[in-house]
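Let me begin by presenting the structure, written as structure tokens, before commenting on it.
Each reported figure results from applying straightforward, stated rules to the coordinates on display, with no laboratory input. Here the structure is a predicted model, which means the values were calculated and not measured. Note: ideal-geometry Cβ built from the backbone for every residue, glycine included; neighbour counts use all protein chains shown.
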Amino acid sequence: MIDSAWLEINLTALRNNYSTMKNHCPTAQASAVVKSNAYGLGVDVVVPALFSEGCRQFFVATLDEAITLNNIVKSLPQNIEDDALRPVRIYVLNGLFAQDAGTYLEHGILPCLNSLEQIQLWQSACHRHGAPAPAAVYVDTGFNRLGLDEANIESLRNETAPFEGWHLELIMSHLACGDTPDHPMNRAQLERFHNALTALPEAPASLANSAGVWLGSDYHFDLTRCGISLYGGAASQLPDTILEPVASVFAHILQLRVIAIGESVGYGADFVAQNDMRIAILSIGYGDGIIRQAGRSQPGFAHVFVAGHAVPIIGRISMDLLAIDVSEIEAKLETGMAVEIFGPNASIDSLAEISQTISYELLTRLGTRYKRILK
Ligand SMILES: *Cc1c(COP(=O)(O)O)cnc(C)c1O
């Protein structure tokens, strides 16, 4: 059976990107953010690769994701001495519900405590459990999404009681504008984070996601939390060409056709040929996570890569099909030929931009229809 569309995952590139991001922050440890099934690429392949590169700290969004991850990590070859020095830590970003505390403790998973109530919940859960267990405190420094706000933090200043009976493993916060280096929000969040650190008991700190890493060593603290950079997406306006593409998506040419000037292509007859043209129909569409918006010609055509050329997607994208203009290609094209939708020759960031989104959304929308090929 021929695969309609396939997703190549370059695990060497993933490991190299992890090392690149880690080496850029020599004073910090490097965790990996693997929420949403490792940004759509699959925790089952991404986590073992990162683990073999030395990564021991992971962030996910939900407890469910953490349990899956925990089972994967447990099945990996362990090194007892190394594990004692650098134990695996799996953090859940979305916070703690009372009914889940026992499950966290049973699996040794760490919640990121997002409120005073959650700190209390964890404290009582550890008390019932009969042993202190580690958790992180998530501080909101202006994002206004998750975490303890400034008033919460002030109420904890110099208090020791809320931190008794459990182990404060990490104090963390998240940047809203890390991808815009000059945005004043970055400095403001950094200041608020420092202030929070003076109010809370001493513990390792973490602020930078991928973009935060490029803001300078002030932002590195003790632990970085990179996601998109590991997967080869640009995280910042800075040209971070030192990262290697990890995910490549391919489809086949199903049919080649010649159309005359004035004929239209696709639903809505939106695209109208301005010349006689040769087009190719590919075995991929929005059902595979290619955003329908990418079929519009404004603000510019999205490009795919075939036979050594970048060629535009034309007409509205269908669920399982899309059309490309191959008029300019002189090489012989045939049905069954592979076309790169994004990858080393057609950047995911360009496709994301034309699709009016970000690489993160393209990756997490890929879905399950692809055959995954590991490189
Ligand atoms: C998703 C997420 C990250 C990773 O962000 P990238 O931009 O992908 O590096 C880090 N920290 C938190 C809290 C997140 O939600």
request  = Check cross-link reach from K332 to the lysines: straight Cα distance under 17 Å, and skip same-chain residues fewer than eight apart.
outcome  = none
note = Check: C-alpha center the range 93-136 vs C-alpha center the range 1-64, spacing in Å is 26 Å
query = Would you list M277, M172, M319, M185 from fewest to most Cβ contacts within 10 Å?
reply = M319, M185, M277, M172
query = If you average 1/r over all unlike Cα pairs in the range 11-233 and invert the result, what Kirkwood radius do you get in angstrom?
reply = 17.7 Å
request  = Enter the angle in degrees (range 0 to 90, nearest 10) between the Cα long axis of helix 116-129 and the first principal axis of the Cα atoms of the chain, meaning the one along which they spread out most.
outcome  = 70 degrees
remark   = Semi-axes (Å, rounded, descending) of the ellipsoid equivalent to the range 247-374 per its C-alpha gyration tensor are 22, 17, 13
key: Dipole of the range 187-266 [Lys/Arg +1, Asp/Glu -1 at C-beta], most positive-end residue of N195, A260, L215   = A260
ask   = Taking the Cα centre of the chain as the origin, how large is its charge dipole in debye, to the nearest 20, when only Lys and Arg (+1) and Asp and Glu (-1) carry charge on their Cβ atoms?
value = 540 debye
message = Roughly how far apart, in whole Å, are the Cα centres of the range 346-375 and the range 211-289?
response = 6 Å
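Distances longer than 37 Å among the Cα atoms of the chain: what percent of all pairs is that?
Above the 37 Å cut-off, the chain has 30 percent of its Cα pairs.
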ask   = Using alpha carbon coordinates only, what is the Rg to Rh ratio of the range 177-246, with Rh defined as the Kirkwood radius?
value = 1.02
query = Charges only on Cβ, +1 for Lys and Arg, -1 for Asp and Glu: so what's the dipole of the range 11-233 about the Cα centre, in debye to the nearest 20?
reply = 400 debye
key: Neighbour net charge for L93 - beta-carbon separation under 15 angstrom, K R +1, D E -1   = -1
key: Sequence-separation-based contact order of the chain, relative, with Cα cut under 8 Å and 6+ spacing, percent   = 19 percent
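Taking the square root of 5 times each eigenvalue of the Cα gyration tensor, what semi-axes in Å does the equivalent ellipsoid of the range 124-238 have, largest first?
The answer is 28, 16, 11 Å, longest axis first.
In which sequence would T12, T180, T20 go, from the one with the fewest C-beta neighbours within 10 Å to the one with the most?
Least crowded to most crowded, the residues run T12, T180, T20.
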ask   = Picking from V47, L175, T103, whose Cα lies most toward the positive end of the charge dipole for the range 11-233 (charges on Cβ: Lys, Arg +1; Asp, Glu -1)?
value = V47
task = Place a +1 charge on the Cβ of each Lys and Arg in the range 247-374 and a -1 charge on the Cβ of each Asp and Glu, then give the dipole magnitude about the Cα centre in debye, rounded to the nearest 20.
result = 380 debye
request  = Restricting to the chain, compute how many DSSP beta bridges are antiparallel as a %, nearest 5.
outcome  = 50 percent
note = When the charge dipole of the range 1-144 is computed with +1 at the Cβ of Lys and Arg and -1 at the Cβ of Asp and Glu, the Cα pointing farthest to the positive end, of Q118, A38, P26, is that of P26
